[in-house]
Amino acid sequence: MGFFIETLIGGLMAGMLYSLVALGFVLIYKASGVFNFAQGAMLLFAALAMARFSAWIPEWLGIDSLWLANVIAFFIAGALMYLVAWLIERLVLRPLVNQEGATLLMATLGIAYVLEGLGTSIFGTAIYKIDVGMPKEPVLILEGIFEGGLLINKEDFVAALIAAVLVALLTLFFQKTVTGRALRAVADDHQAAQSIGIPLNHIWVIVWFVAGIVALVAGVIWGSKLGVQFSLATVALRGLPVVILGGLTSIPGAIIGGLIIGVGEKLSEVYLGPMIGGGIEIWFAYQLALVFLLFRPQGLFGEKIIDRV
Amino acid sequence: MLYRENGQFKTSYAADQQIFPIAQDRWAILGILVFAFIGIPLLGDEYLMRAILIPFLILSLAALGVNILVGFCGQITLGAGAFMAVGAYAAYNFHIRIEGLPLLVSILLGGITSALVGIVFGIPSLRVRGLYLAVATLAAQFFTDWVFLRIPWFTNNASSGSVSVSNLQIMGWEIITPFDKYMFCLVWLTVFALLAKNMTRSAIGRQWMAIRDMDVAAEVIGIRPLFAKLSAFAVSSFFVGTAGALWGFIHLSSWEPAAFSVDRSFQLLFMVIIGGLGSIMGSFFGAAFIVTLPIALNQFLPAIGGLFGVTISTAGVSHAELIIFGSLIIFFLIKEPHGIARLWSTGKEKLRLWPFPH
């Protein structure tokens, strides 16, 4: 039982990171109708920037404090993500407005190539560490209830906390600020939002920037856990089943879908994997999402599409 | 002046329904075919055939298959690489497990197996649409990646995980040199391109297009979505599967699952979108563009760098290639979202009115 719960918690932690990736997808899809395949590349780019600047800044400025260097690096990486969002809106989205979904999808694949190429040529291709001073040592909890207790990584807890804070901040931003309300209006109905004077182009920049920040946070968590390397870009492919499971247009869907996929993956790998050979994590998530889709074609929380001739 | 249909009167239904109703088009196609069958083998050197022409021919075939599904039936797929893999591995298993099975039959059986798998993975398309379906097809991709990597039976228990074929021959004609391979692929592609063109012009092609344009309306006028969608999946997977078998047997002759990864699927979708959705001609344009672009970049980037006195390292070249490839794709999508095929048809329109456009 203890082992089962440990696996479950491990799954929830992995799922939380998937949720963050999926959140980026959903934000952009809602606001601009683009299925953003470049989310993984954005994550890689942001994480690379963060890792490199946090190493460079102490050298350049002579700051000893790890904490200060990380904060400065975070802000520089954030500023870079704003630049990326602005450039994407200017150079890609604006000329391609009103095109078909498939064309936009391909354009984001193009963006992904450019970001991957830029990221690796500016920041290098080695494996970098992000050290934000997360506690690494595992702890045993609930020794009274389970035999031998549960082995939990403190780092995972901190990461979960950061993700929760991020989601809470986003919720506040969307509910309470003027910009957030404008974003929700655009997500609801482009034309109506435009007719009451919300500038669509500006909103797109903001929403891509917010997705960039989400990617940055996910990248920092992931990077401090496993290191930053090129394969981080394929994280987007792990986040896709989450998006379709939760529904392309639903933020709670992304979070809950992420947790379901994370748990499903870990449990299947541990309990089903030995029976049919290892490494089933990646396709199992997709099959799980597919089964859900057969019963709910718009995902768990997606908007129901009504067809009219 | 040179290109117009004035004076070319059709006196029979057969003449009216031919693939190229304009005489100049027929001559042009005939010229291209003669050049491909006779000219290139006389002129072309081995490097050109091995590195550019054979991949171009095989990937055109795969792009045709993807275009049938995406361009004609409107079902976006990101799993084309999976069906190439199924075709290649199925053909391999037929080839080595059944003694004396002719090569052609093995490849066709590979295609048929791929079509059956395509039908299975096409079933979600009956419930799921658009981008949801695109992601659902990725399931096929990752599943086949895993199957051919982890289940030893499919690779005939090869210890390294890679499989190879040798001694390919058809009725005594041994396919060894690049010239043989080129001719084999060319004949294959010609036959199947004609088949695809005719299929899209016939009743089944019109059903696919009706489903693509509006599936509810198509259903109302009596088209069965089940049949139309699954037949598109089957035909598309058959084309892609035979292309996969050719890719493995003829082009690589020794391969592992990485040859048919998700990148291959993206590459095929790029070909179809850049070439032109719903156009047979476009599949060829797209394949030519995507096959030659990386090679051209690879050749010219160091030279251009040298012009400005910069030496670019090998890693730098590969990064620059990624950036330029990505930007060119975006550029093309912005300039001509309907693909090169649209440029081609506007060009023909202009040529018809030339030199008096009013």
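The values are calculated or read from the model by the stated rules, or taken from the named source; none is laboratory data. In this text the structure is predicted, and so the values were computed from the model without any measurement. Cβ coordinates were reconstructed from backbone atoms using ideal geometry, including for glycine residues, and neighbour counts include every protein chain displayed.
With B:L48, B:L2, B:L33, B:L43 as the choices, which residue is exposed (fewer than 15 other Cβ atoms within 10 Å of the Cβ) and more than 30 Å from B:P178 (Cβ to Cβ)?
Only one candidate passes the filter, namely B:L2.
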Report whether or not B:V317 is modelled with pLDDT of 85 or more, in a helix (DSSP H, G or I), hydrophobic (A, V, I, L, M, F, W, C) and more than 30 Å from B:N156 (Cα to Cα).
-> no
Within the stretch A:1-38, how many residues turn out to be within 13 Å of chain B (Cβ to nearest Cβ), part of a helix (DSSP H, G or I) and closer than 16 Å to B:V135 by Cα?
-> 4
Which ones in the stretch A:277-296 are facing chain B (nearest Cβ under 8 Å) and either surrounded by 19 or more Cβ atoms within 10 Å (Cβ to Cβ) or farther than 19 Å from B:G130 by Cα (or both)?
-> A:G277, A:G278, A:G279, A:I280, A:I282, A:W283, A:Y286, A:A289, A:L290, A:L293
Apart from one, (1) closer than 24 Å to B:W344 by Cα; (2) surrounded by fewer than 22 Cβ atoms within 10 Å (Cβ to Cβ) all hold for B:N67; the odd one out is (2)
Complete set of residues in the stretch B:314-345 that are free of Cβ contacts under 8 Å to residues at least 40 places away in the same chain and in contact with an Asp or Glu (Cβ under 9 Å, 6 or more places away or on another chain) = B:H319, B:L322, B:I323, B:G326, B:P337, B:L343
Hey, does the stretch B:216-229 have a residue that's more than 26 Å from B:Q17 (Cβ to Cβ), exposed (fewer than 14 other Cβ atoms within 10 Å of the Cβ) and in contact with an Asp or Glu (Cβ under 9 Å, 6 or more places away or on another chain)?
-> yes
Given the structure, is B:L69 over 18 Å from B:L168 (Cβ atoms) and at pLDDT 85 or above?
-> yes
Here, helices (runs of 4 or more DSSP H) confined to the stretch B:164-249 with at least 1 residues that are of a type in the set (G, A, S) and under 21 Å from B:L101 (Cα atoms) are B:225-246
Subset of the stretch B:259-268 that is of a type outside the set (S, T, N, Q) and surrounded by fewer than 24 Cβ atoms within 10 Å (Cβ to Cβ) - its residue that is farthest from A:A102 (Cα to Cα) | B:A259
When you look at A:E116, is it closer than 18 Å to A:V220 by Cα, within 14 Å of chain B (Cβ to nearest Cβ) and either in contact with a helix residue (DSSP H, G or I) (Cβ under 8 Å, 6 or more places away or on another chain) or among the charged types (D, E, K, R) (or both), yes or no?
-> yes
When residues of the stretch B:103-123 are filtered for being farther than 30 Å from B:I170 by Cβ and buried (at least 21 other Cβ atoms within 10 Å of the Cβ), how many remain?
-> 2
Tell me, please, whether a residue that is surrounded by fewer than 20 Cβ atoms within 10 Å (Cβ to Cβ), at pLDDT 85 or above and touching a Phe, Trp or Tyr at 6+ places or on another chain (Cβ under 7 Å) can be found in the stretch A:249-259.
-> yes
Kindly establish whether B:T242 is loosely packed, with under 14 Cβ neighbours inside 10 Å, among the β-branched types (V, I, T) and away from chain A (no Cβ under 14 Å).
-> no
Does the stretch A:229-240 contain any residue that is farther than 18 Å from A:T108 by Cα and more than 14 Å from every other protein chain (Cβ to nearest Cβ)?
-> yes
Test: B:G276 is more than 12 Å from chain A (Cβ to nearest Cβ), under 20 Å from A:L104 (Cβ atoms) and out of contact with any Cys (no Cβ under 7 Å at 6 or more places or on another chain) = no
Hey, any hits in the stretch B:157-174 for a residue that's at the interface with chain A (Cβ under 9 Å from one of its Cβ atoms) and touching a residue at least 24 places away in the same chain (Cβ under 8 Å)?
-> no
Among the residues of the stretch A:77-104, count how many are in contact (Cβ under 8 Å) with a residue 60 or more places away in the chain, at the interface with chain B (Cβ under 9 Å from one of its Cβ atoms) and in contact with a helix residue (DSSP H, G or I) (Cβ under 7 Å, 6 or more places away or on another chain).
-> 1
By residue number, the members of the stretch A:185-212 that are assigned to a helix (DSSP H, G or I), free of Cβ contacts under 8 Å to residues at least 40 places away in the same chain and among the small types (G, A, S) are A:A185, A:A192, A:A193, A:S195
Residue match in the stretch B:303-317 (condition: out of contact with any strand residue (DSSP E or B) (no Cβ under 7 Å at 6 or more places or on another chain), more than 9 Å from chain A (Cβ to nearest Cβ) and crowded, with 23+ Cβ neighbours inside 10 Å) | no
Sole exception among (1) buried (at least 24 other Cβ atoms within 10 Å of the Cβ); (2) in contact with a strand residue (DSSP E or B) (Cβ under 9 Å, 6 or more places away or on another chain) for A:E6, by number = (1)
Restricting the stretch B:133-180 to residues that are among the β-branched types (V, I, T) and within 25 Å of B:F56 (Cα to Cα), the residue that is nearest to the chain's Cα centre (by Cα) | B:T137
Within the stretch A:241-260, track down each residue that is within 11 Å of chain B (Cβ to nearest Cβ) and of a type in the set (A, V, I, L, M).
-> A:V242, A:V243, A:I244, A:L245, A:L248
Please state which of the following conditions B:G130 fails to meet, knowing it meets all the rest: (1) within 9 Å of another protein chain (Cβ to nearest Cβ); (2) crowded, with 18+ Cβ neighbours inside 10 Å; (3) in contact (Cβ under 8 Å) with a residue 12 or more places away in the chain; (4) not hydrophobic (A, V, I, L, M, F, W, C).
-> (2)
Note on the stretch A:50-103: residues among the hydrophobic types (A, V, I, L, M, F, W, C), assigned to a loop (DSSP other than H, G, I, E, B) and modelled with pLDDT of 85 or more are A:L96
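Name the residues in the stretch B:336-357 that are closer than 14 Å to B:F285 by Cβ and assigned to a helix (DSSP H, G or I), would you?
Listed by number, the residues that qualify are B:I340, B:A341, B:R342, B:L343, B:W344, B:S345, B:T346, B:G347, B:K348.
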